[in-house]
Amino acid sequence: MISNQILQTTIDGLKNITRRELSVVEREGKVVASTEEDMQNQVLNNIELFVASPAENQLVTGFQYFKVFEGGNIEYIVLIKGEDEETFRIGKMAAFQIQSLLVAYKERYDKDNFIKNLLLDNLLLVDIYSRAKKLHIENNVRRIVYLIETEVDKELNIVEIVRSIFPAKMKDFVTVVDEKSIILVKELKDTDNREKIESIAKTIYDTLTAEAMSNIYVAIGTDVKDLKNVSSSYKEAKMALEVGRIFEESKHIVNYKQLGIGRLIYQLPMPLCRMFISEVLHGLSMDQFDEETLTTVNKFFDNNLNVSETSRQLYIHRNTLVYRLDKLQKMTGLDLRNFDDAIVFKIMLMVSKYMTYKENFRY
């Protein structure tokens, strides 16, 4: 079904060109779009008689009536004020325009449903290929899924903004699966490399940030060459979004292929995580590490275990940093100046962060 806003925009444009008053009415007599402020009751009363008649167009009391069909059924009635031949031609053109919009929106709706069911694994393998053929969607084409998450006002049509970013690409599909998530299934060229894939994500992020002025996150799945694998790319994008939210809160663009060790930790069962934390901390809990200690450790890791550079960036004396590291070693038995111990502590911090996230978002 075409939105009333689209219908109104269409007839407003036609009025600006033709200088004629037009209205679009549902078969039950409800006005959905009009260039006139008040439709005459008599005119609307004639709708029922016109719908019942076999005629596709009719002239009644100074108005031309035109039927618009969808799937063999009357979907709309177009009304135009005037009795002359020119008015008849304009009315015919308006009805044809709305008929074309119905066809286009129906095709988009059918494709949107197909893509949505494809992403959610709701189709049998045989149905994927047969329906794709009917909808003229190629199978063996390189595609990738971008998952866009936003919390913007519902009145802002983010889906249309995303579609407008790639106006010439009729083989790309944009759909929604919930209130916050928008999915772009993007066709790629054989020459598109990782840099190109990430530049597309940056274009989406920059455009939506400028339009929506809100937090936007873009996650990237892996590229696939078969329609049946598009759902896998979508699942990978979902995982990338969540893993990025846990381990890299400051990043707004996350690529599944660059999740690193976070992807492994994300798939660990909670009992194993608790066992690992207990073994590393020897009964201690994360609550026993103050903010100063954790800030020092994270900065030490950021500087590749370089004591001089870390102390410089923290604006503390080198001996103060050494004192803090020694204190941590007494608590845990781990010397972070030792590479192996540093790895263990780093993984422990990530596992702890993962556990906190899972506990806070428990159903």
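The values are calculated or read from the model by the stated rules, or taken from the named source; none is laboratory data. These numbers were taken from a predicted model, which means no experiment stands behind them. Because the Cβ atoms are built from the backbone with ideal geometry, glycine has one as well, and the counts that use them run over all protein chains shown. Heads up: the accessible areas ignore ligands, DNA and RNA and are worked out on the full protein's heavy atoms, side chains in. Shrake-Rupley method; radii C 1.70, N 1.55, O 1.52, S 1.80 Å.
Per the listing D335, D341, the residue uniquely without any contact (Cβ under 8 Å) to a residue 40 or more places away in the chain, open to solvent by less than 70 Å² (accessible area, probe 1.4 Å) and either touching a Pro at 6+ places or on another chain (Cβ under 6 Å) or not in a loop (DSSP other than H, G, I, E, B) (or both) is D341.
For segment 120-132, residues that are under 16 Å from F173 (Cα atoms), part of a helix (DSSP H, G or I) and either open to solvent by 60 Å² or more (accessible area, probe 1.4 Å) or touching a Cys at 6+ places or on another chain (Cβ under 6 Å) (or both) total 1.
Residues in segment 301-308 include at least one that is without any contact (Cβ under 8 Å) to a residue 24 or more places away in the chain and surrounded by 15 or more Cβ atoms within 10 Å (Cβ to Cβ). Residues in segment 243-285 that are of a type in the set (D, E) and closer than 30 Å to K330 by Cα were compared, and the one that is most open to solvent (accessible area, probe 1.4 Å) is E279.
Within segment 187-197, being touching a residue at least 12 places away in the same chain (Cβ under 8 Å) and surrounded by fewer than 16 Cβ atoms within 10 Å (Cβ to Cβ) holds for K189, D190, R194.
Consider V141 carefully, then state whether it is within 25 Å of L227 (Cα to Cα), of a type in the set (A, V, I, L, M, F, W, C) and within 16 Å of the chain's Cα centre (by Cα). No.
For residues that are of a type in the set (D, E) and in contact with an Asp or Glu (Cβ under 9 Å, 6 or more places away or on another chain), scanning just segment 1-34, find the one that is surrounded by the fewest Cβ atoms within 10 Å (Cβ to Cβ). Here the residue is E28.
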